[in-house]
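The values are calculated or read from the model by the stated rules, or taken from the named source; none is laboratory data. Just so it is clear, the model here is predicted, and its values are computed rather than measured. Using ideal geometry, Cβ is built from the backbone for each residue, glycine included, and neighbour counts are taken over all protein chains shown. Remember, those area values only see protein heavy atoms, side chains included, never the ligands or the DNA or RNA. Shrake-Rupley method; radii C 1.70, N 1.55, O 1.52, S 1.80 Å.
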Amino acid sequence: MTALRAIPDTMDAGIVADIDARLRSVEAAEDVRIPWAIESGSRAWGFPSPDSDYDCRFFFVRPRDAYLSLWPARDVIETPLDKIFDVNGWDLAKTLRLLAKGNATVTEWLRSPIVYGGDAEFRDGMLDLAEAVHDSALVGRHYLHVGTQQLDKYGEAVTLKRVFYALRPAATLRWLRLNTGVPPMNLGTLLDESDPPAATAADIARLIELKSVTREIGQGAVPRSILDFIDDELARARDVYPDALARPSGEAMELCNEYFRRALATY
């Protein structure tokens, strides 16, 4: 196995060490293996704020016999949540079911640029599987749902964080409309590869700069071009994705089954 780790110098070394300790504690207390642990959220998406919390996410695998129990353990492991730490993970079985259904969160975690610890063979195998079962309609439904949820949370006073959490799904939907394959995770890459209007791209760049020096709960004036961009991409997606199949294909299910069996033999 090839161990991977990628931690930017901009991240607090003490907090990273605490996250590492939490992950080791999870493995010991829960009797699981963690073949992949990364940072998700705004740090990985390319628009952190000065006080962004740390969103560590991980996949875990239980011993083979645990999956044969009549009383299976929870498929999510959560550690105490506070203003700094948000550390939790998914069982591999849950992960594969979601992947087959088009839940793009799985591929985002696999492609995060910030890796606390991971096995290269696990990541590469999962990414190959993600490519094999990729269904742009199911993935589009996922991002349409995420973006719509964020829009529904808009109030009279819109936080910059909320706008970005709607903007990234909208940018991903545009990418899916203009490209093929699995979309990138980073907002800047999504925009670079989907050629938004120049004025909108410039407004987004300025808003990213503003967020980089503004507290997470901060509010700010959001250019009309960005709000229109979000509304337009979500509206286009609503016309395309409601008719998409809401369940995975038989082929995708079997490919995930095969991968799961191999992973249990390895981890």
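Normalised by 2.2 N^0.38 Å, with N the number of residues, the alpha-carbon radius of gyration of the chain equals 1.03.
Computed from the C-beta positions of Val240 and Asp51, the FRET efficiency with R₀ = 35 Å rounds to 0.40. Between Ala265 and Leu178, the contour length at 0.36 nm per residue exceeds the alpha carbon distance by 27.4 nm. Surface listing: Ile208, Ile226 arranged by accessible area from highest to lowest gives Ile208, Ile226, probe 1.4 Å.
Full extension of the chain segment joining Thr148 with Asp124 gains 5.5 nm, where the gain is 0.36 nm per residue of separation less the Cα-Cα distance. Couplings 3J(HN,Hα) for the range 204-210, derived from phi with the Karplus relation 6.51 cos²θ - 1.76 cosθ + 1.60 (θ = phi - 60°), are 5, 4, 5, 5, 4, 5, 5 Hz, where x marks Gly and Pro.
Computed with a 1.4 Å probe over protein heavy atoms only, the accessible surface of the chain comes to 50 Å² per residue.
Taking a point 7 angstrom from the Cα of Leu4 along the C-beta vector, which residues in the range 23-40 have backbone N less than 20 Å away? In the range 23-40, the label zone of Leu4 (backbone N under 20 Å from the point 7 Å along Cα→Cβ) covers 23-24, 33-40.
At a threshold of 8 angstrom on Cα-Cα distance, excluding pairs fewer than six apart, so keeping six or more, what relative contact order does the range 83-172 reach in percent? Taking the mean separation of contacting Cα pairs over the length of the range 83-172, I get 27 percent. Restricting to Cα pairs below 8 Å that are 6+ residues apart, what does the relative contact order work out to for the chain? Please round to a whole percent. About 24 percent, as a whole number. The relative contact order of the range 24-170 comes to 23 percent, based on Cα pairs under 8 Å that sit 6 or more residues apart. For the chain, which whole percent of the accessible surface, found with a 1.4 angstrom probe, sits on carbon and sulfur atoms? On the chain, the fraction of accessible area on carbon and sulfur atoms equals 52 percent.
Taking each residue as 0.36 nm, the span from Met11 to Asp192 lengthens on full extension beyond its C-alpha to C-alpha distance by 62.6 nm. The simple spin-label model puts a point 7 Å past each Cα toward its Cβ; for Ser69 and Glu251 those points are separated by 3.6 nm. Distance between the pseudo-spin-label points of Arg24 and Asn88 (7 Å out from Cα toward the beta carbon): 2.5 nm. Express in whole angstrom the spacing between the alpha-carbon centres of the range 173-194 and the range 12-45. Cα centroid to Cα centroid, the span is 28 Å.
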